[in-house]
1. Look at the range 57-78 and say how many of its residues are closer than 16 Å to TRP153 by Cα and in contact with a His (Cβ under 9 Å, 6 or more places away or on another chain).
2. Among the residues of the range 44-66, is any modelled with pLDDT of 95 or more and charged (D, E, K, R)?
3. Tell me yes or no: at least one residue of the range 139-153 is modelled with pLDDT of 65 or more and among the charged types (D, E, K, R).
4. If you go through the range 17-45, how many residues are in a loop (DSSP other than H, G, I, E, B), closer than 14 Å to HIS120 by Cβ and either aromatic (Phe, Trp, Tyr) or without any contact (Cβ under 8 Å) to a residue 60 or more places away in the chain (or both)?
5. Residues to consider are ASN130, ASN134; find the one that is modelled with pLDDT of 80 or more and exposed (fewer than 14 other Cβ atoms within 10 Å of the Cβ).
6. Restricting the range 41-69 to residues that are under 28 Å from GLY131 (Cα atoms) and of a type in the set (A, V, I, L, M, F, W, C), which is surrounded by the fewest Cβ atoms within 10 Å (Cβ to Cβ)?
Amino acid sequence: MPQLHPYWRMEYIEAPRLPAGMKRPFTELPALGDDRTALIVHRSALSYLVLNRFPYNPGHLLAVPFREVEDLTELTSAERADLMEEMIVGERLLTAVLRPDGFNIGFNLGAAVAGGSIAHLHGHIVPRWNGDTNFMPVLGQVRILPQALESTWEKLTAAAATLKTEKRRKKK
């Protein structure tokens with residue numbers, strides 16, 4: 001049987017997942033006060049973007065409202081508009097930094113049956129590249145991520161800062 005030796009994966013495997021005792025990550029992560037540790041890439045008034053700690057692809061972002069709800073119908077119209085704008089910001093950041101060929105963007109509604117593991121409503125922004133589906137997930141039940149989450153976070157937050165600066169200039 002052939003063996004793969006992706007030694008760099010150890011850094012990802014050994015990285016801390018969530019702070020000890022965290023029960024509601026989507027409400028507790030923004031309260032940490034450390035966006036690097038939380039992997040929060042961008043904050044708006046009512047929602048935020050965070051890197052998925054268990055991504056489908058490199059750069060997989062989650063758009064999360066600050067207020068904990070389980071369904072889109074529970075959001076106010078302002079929260080829905082803000083969350084959609086945050087998803088657009090995520091798409092723009094990923095396009096600028098990772099240059100994907102396309103995206104899968106959407107929500108898993110309903111607990112485990114829809115594929116979600118956390119009841120707090122969140123949207124997925126998954127960058128996709130031509131040929132990014134290969135034999136590893138099918139045969140090896142393994143996903144290969146070519147970049148550490150922290151490195152992706154650094155690049156996306158730098159792009160988010162540039163985006164904010166550009167918005168300020170346009171307002172003047």
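1. The number of residues fulfilling the criteria is 4.
2. Looking through the range 44-66, none of the residues is modelled with pLDDT of 95 or more and charged (D, E, K, R).
3. Among the residues of the range 139-153, at least one is modelled with pLDDT of 65 or more and among the charged types (D, E, K, R), which makes the answer yes.
4. 4
5. Among ASN130, ASN134, only ASN130 is modelled with pLDDT of 80 or more and exposed (fewer than 14 other Cβ atoms within 10 Å of the Cβ).
6. In this case the residue turns out to be PHE54.
The rows are residues; the columns are (1) modelled with pLDDT of 95 or more; (2) surrounded by fewer than 16 Cβ atoms within 10 Å (Cβ to Cβ); (3) more than 15 Å from the chain's Cα centre (by Cα); (4) at positive phi.
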site: ALA78; (1), (2), (3), (4): yes, yes, yes, no
site: GLU86; (1), (2), (3), (4): yes, no, no, no
site: GLU91; (1), (2), (3), (4): yes, no, no, no
site: LEU94; (1), (2), (3), (4): yes, no, no, no
site: LEU98; (1), (2), (3), (4): no, no, no, no
site: ASN104; (1), (2), (3), (4): no, yes, no, no
site: GLY110; (1), (2), (3), (4): no, yes, yes, yes
site: VAL113; (1), (2), (3), (4): no, yes, yes, no
site: SER117; (1), (2), (3), (4): no, yes, no, no
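The values are calculated or read from the model by the stated rules, or taken from the named source; none is laboratory data. In this text the structure is predicted, and so the values were computed from the model without any measurement. Cβ sites come from the backbone with ideal geometry, for glycine too, and all protein chains shown count toward neighbours.
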